[in-house]
1. Past 19 Å, Cα to Cα: identify those pairs from Lys43/Lys376; Lys43/Lys327; Lys192/Lys270; Lys270/Lys376; Lys270/Lys330, in the order given.
2. On each of the three principal axes of the Cα atoms of the chain, give max minus min coordinate, whole Å, ordered largest first.
3. Given a Förster distance of 56 Å, report the FRET efficiency between Thr78 and Glu216 from their Cβ-Cβ distance, rounded to the nearest 0.05.
4. Dipole of the range 108-376 (Lys/Arg Cβ +1, Asp/Glu Cβ -1, origin at the Cα centre): which of Thr285, Ile145, Thr222 lies farthest to the positive side?
5. Dipole of the range 45-198 (Lys/Arg Cβ +1, Asp/Glu Cβ -1, origin at the Cα centre): which of Trp74, Val124, Ile113 lies farthest to the positive side?
6. State the extension gain, in nm to one decimal, for the chain segment bounded by Ser239 and Tyr128, taking 0.36 nm per residue of separation less the distance between their alpha-carbons.
7. Which whole-number percentage describes the relative contact order of the chain, with Cα contacts under 8 Å and a sequence gap of 6 or more?
8. Magnitude of the Cβ-charge dipole of the range 108-376, K/R +1 and D/E -1, about the Cα centre, nearest 20 debye?
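Only the coordinates and a few stated rules stand behind these numbers; no lab work does. These numbers come from a predicted model, not from an experiment. Cβ placement follows ideal geometry from the backbone for every residue including glycine, while neighbour counts extend to all protein chains displayed.
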Amino acid sequence: MTTIPSKKKPFLGAALFAATLSLPFSHAAFAEAAPEKSIIAFKYLNYQDWQPEQDRVGVNAYSVMATVPIAGKWSISTGYVYDSVSGASPSYHSTILSGASTHDRRQAVDLGITRYFSKGSLTVGGSYSEESDYVSRSFSVQGSIMTDDKNTTVTLGGSYTSDTINPNNEIVENESKKTWAGLVGLTRVVSKNDLVQFNLGYSSGEGYYDDPYKWEDFRPRTRNNTTVMARWNHHFDVSDGTSHLSYRYYHDSWGIAAHTFALEYVQPVKGGWTFIPSFRYYTQTAADFYIPFDPAMPDYPIPDPMPEFMSFDQRLSAFGAITLGIKVEKEIARDWLLDIKFDYYMQRAEWCMTGGGDPGVEPFNFRSIQVGISKKF
């Protein structure tokens, strides 16, 4: 059997982009008012994943982020990230690797402009990401409005993303993918120590979803999904700490249903230190067209008859995953903040909450280390 060189998927870069551009001073509260000071931050992230006896993907990402208030009613935020990726992922399931080493570099930039009003705000933004075989452009708008007592905020948002795909193996040329997404949210201060939030999101996409670097990977050209998320933040007066509890439900037209439970605790201590441990559990069902591992045909698992849509990608299988994390922040001088974050991810087929995990998929793990420094001025 001839395998196709395997390469990272764009979603990995998107996830790292979001992580490296997360705002510093995480213990500060979000407000519907222009920031009083400018912020500039630099972050470095190192990522490595692995499976038993398999070399996998490694990433080094560098990012710079800045937010500048203007005239007390506006702010401009921008970010730039550069990452380099090396390694290989399985051509199918987790048993057959391409044997080819992949190296790629990606650059991404985003820009957002926010106008603040007495009872709300409006943000318009855009982003651009480019690598050797994938270009992504995105535009977004989000507005929020508060009630007179400023205890309730309603948020509406939408985005449009256009991707162009030109795989290095030239399986396809100038393929595209377009995605429309919308969000409605409600945030409510229910007491002096409690804040709750509910979000409903919907996304509709069409275009090229196949993984061109995986063997016999044929996916539908449309993908629609719905997400429901609930959050509860509670502040403890005795310890001056704050817990962040959240739940997210996801369902898409490919048949994947996922649940995410997350808990984070923010604890400031004397000397300008803040400790933020976190726990996250994720579980999903398999896509309708996912082909599970067949021990009777480990080297040639094509079903007969061959279906219209099929994929051996283990990311579309049923599984459960746990992420343990710890973040430490230290105010090293006036308006200077240093932060270090460590995450360890463990994925197992048998941890799927609803059962039905593919026993042919090997355990998967990754760890990430992020170091950042930021300055307010």
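1. As for pairs spanning more than 19 Å Cα to Cα, those are Lys192/Lys270; Lys270/Lys376.
2. Answer, in whole Å and largest first: 64, 41, 35 Å.
3. Given R0 = 56 Å and the Cβ-Cβ separation, E is 0.85.
4. So the residue furthest toward the plus end is Ile145.
5. Comparing the listed Cα positions along the dipole, Trp74 ranks first.
6. Gain on stretching Ser239 to Tyr128: 35.7 nm.
7. 14 percent
8. Dipole size: approximately 1640 debye.
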